Each structure stands twice: as structure tokens, then as C-alpha cells.
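The structure under discussion appears below in the form of C-alpha cells.
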Amino acid sequence: QVQLVESGGGLVQAGGSLRLSCAASKSIFSVKPVNWYRQAPGKQRELVAAITTGGSTNYADSVKGRFTIARDNAKKTVYLQMNSLKPEDTAVYYCNVPALPRDYWGQGTQVTVSS
């Protein structure tokens, strides 16, 4: 079993930055892809950013050029650097690792962007 713990959320003004962290209880990030999802009130959870074991990254169109996902295997941590934040980025952000029989999820961290 792997525990994922997100941190780094908070309240920020539009245009500001935050860096989210996802810390794993085991060294899983070197052998598994990692995703960041977010869920805003009343909306479905959406994939924001992803990083493969090889280091390739992918982003939702809504965050391209503003968000960066990165991984530090030695620290067992994945980061999501969020710049030029917008009010529409307000959501709970979740770290995810695909696995069988069930994906691993963190508890989420709230990001609120004020206008």
C-alpha cells in the first residue's frame, strides 16, 4: 500500500503562484506515471498534468504554459508548479498514481484563486 500526501495549497491572488507537492510513502514515482487532477465545486474531476516514468509530460490545454509537473525520485515527491493563476484554477488538487487493483490517490489540497 502506498500513501500519497499533497501539500502546498492555499489562497492566492490572480496572477500569483503556488507549488503543490505530492509525497509518497514508498519509492513509487520512479516506476509509475503520476498525474495531477483537480475538481472544482459542481464539476467533474479533470486531469491537469501528467508525467511518465521517462519524464515526458502532458498538460491540459487550460494550464499549458502556466503549470509545470516535475518529479524528484530521491525525495519521493512530485511537484506541480502553478504560475499565472486564474480564478478558474480554484479547485481541490489531487495526486494520482495508476495502479491495480486500484489507483492511489491523495487526500487533496485546496487551491483558491481570488480575483
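The values are calculated or read from the model by the stated rules, or taken from the named source; none is laboratory data. Here the structure is a predicted model, which is why all the values come from computation and not from measurement. FYI the Cβ positions are ideal-geometry reconstructions off the backbone, even for glycines, and counts take in every protein chain you see. Keep in mind that these areas ignore ligands, DNA and RNA; they rest on the heavy atoms of the full protein, side chains included. Shrake-Rupley method; radii C 1.70, N 1.55, O 1.52, S 1.80 Å.
The table below gives the values:
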| item | result |
| --- | --- |
| Selection count where residues are in contact (Cβ under 8 Å) with a residue 24 or more places away in the chain, open to solvent by less than 30 Å² (accessible area, probe 1.4 Å) and under 15 Å from residue 93 (Cα atoms), scope the stretch 19-51 | 10 |
| The stretch 89-104 residues that are within 23 Å of residue 62 (Cβ to Cβ) and open to solvent by less than 30 Å² (accessible area, probe 1.4 Å), paired with ones that are assigned to a loop (DSSP other than H, G, I, E, B) and among the basic types (Lys, Arg) (beta carbon under 6 Å, 6 or more apart) | 97/32 |
| Among residues of the stretch 86-102, those that are within 15 Å of the chain's Cα centre (by Cα) and more than 25 Å from residue 65 (Cβ to Cβ), counted | 2 |
| Pair list, Cβ < 6 Å and 6+ apart or interchain, from the stretch 57-78 residues that are on the phi < 0 side of the Ramachandran plot to residues that are exposed (fewer than 13 other Cβ atoms within 10 Å of the Cβ) and assigned to a loop (DSSP other than H, G, I, E, B) | 73/30 |
| Given (1) in a loop (DSSP other than H, G, I, E, B); (2) within 20 Å of residue 104 (Cα to Cα); (3) open to solvent by less than 60 Å² (accessible area, probe 1.4 Å), number of the condition residue 15 does not satisfy | (2) |
| Per-region count, the stretch 52-85, residues open to solvent by less than 30 Å² (accessible area, probe 1.4 Å) and more than 10 Å from the chain's Cα centre (by Cα) | 5 |
